[in-house]
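Let me give you the structure first, and then I'll get to my questions.
Each value in this text was obtained by applying a stated rule to the coordinates, not by laboratory testing. What you are looking at is a predicted structure, and each value in this text was computed from that prediction instead of being measured. Here Cβ is always computed from backbone atoms with ideal geometry, including for glycine, and neighbour counts include all displayed protein chains.
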Amino acid sequence: MAIEHGKTRSWTRSSHSAGQGACVEVRSPARDLLAVRDSKAPAGPRLGFPVGAWSAFVAGVRLAQD
């Protein structure tokens with residue numbers, strides 16, 4: 001998924017969701033913040049991460065997949 005920091009105000013669903021409904025959605029309403037929520041509970045809690053922390057998490061997931 002391509003997220004532009006500070007420019008992605010709408011929720012974007014993970015490209016790895018495979019249509020099963022078990023996925024996360026992300027958005028970046030501010031340049032230094034990325035928000036994450038569960039697509040099954042859009043009105044539920046949301047988590048906010050500094051952009052650097054989210055980038056480190058994604059990089060770690062990619063390394064684990066290799």
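Out of the residues in region 20-58 meeting the condition of being in a loop (DSSP other than H, G, I, E, B) and among the polar types (S, T, N, Q), tell me which one is nearest to E4 (Cα to Cα).
Step one: filter region 20-58 for residues in a loop (DSSP other than H, G, I, E, B), giving 20-23, 31-32, 39-45.
Still in the list and also among the polar types (S, T, N, Q): 20, 39.
Working: Q20: 25, S39: 20 Å.
Across region 20-58, the extreme among qualifying residues is S39.
How do the pairs read when you match residues in region 45-65 that are on the phi < 0 side of the Ramachandran plot with residues anywhere that are in a helix (DSSP H, G or I) and surrounded by 12 or more Cβ atoms within 10 Å (Cβ to Cβ), using Cβ under 8 Å and keeping only pairs 6 or more apart or on different chains?
F49/F57
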